[in-house]
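All of the numbers you see were taken from the coordinates with simple rules; none came from a lab. Since this is a predicted model, take the numbers as computed values, not measurements. Every residue, glycine among them, receives a Cβ derived from its backbone with ideal geometry; neighbour counts consider all protein chains shown.
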Amino acid sequence: MNVLKVTHIYKVEEFKNIVETSIKKGQYVNIQEVYLILKLSRECNAQGLINFYENHIKSNKGIFREQLSQSENATNEEMLQMINSILEGQE
């Protein structure tokens, strides 16, 4: 994820695309991991990752809803709001 930040800072779009593709190939289903990827993707304007992970959340609603219900009391409010807004179609 740090490499994505660097590609954004130095505006290296070709390398940024490679980094995005590599991240997409990972198996991220944990709500915290997906949240961190989405948050950084938004900061770095990595639209490919944003679209991919928003669709990933929508396609796996059951998993994410279960993880949300299990972690509502133990996790960051910002994360809960972001994931809930995607699940509810507000993004």
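Quick notes
- Where labels lie 7 Å past Cα in the beta-carbon direction, separation of Glu14 and Arg42 in nm: 3.2
- Pairs of Cα atoms nearer than 8 Å and 6+ residues apart set the relative contact order; for the chain it is 26 percent.
- Answer label for Rg/Rh (Cα atoms, Kirkwood Rh) (calculated), chosen among (i) 1.18; (ii) 0.99; (iii) 1.05: (ii)
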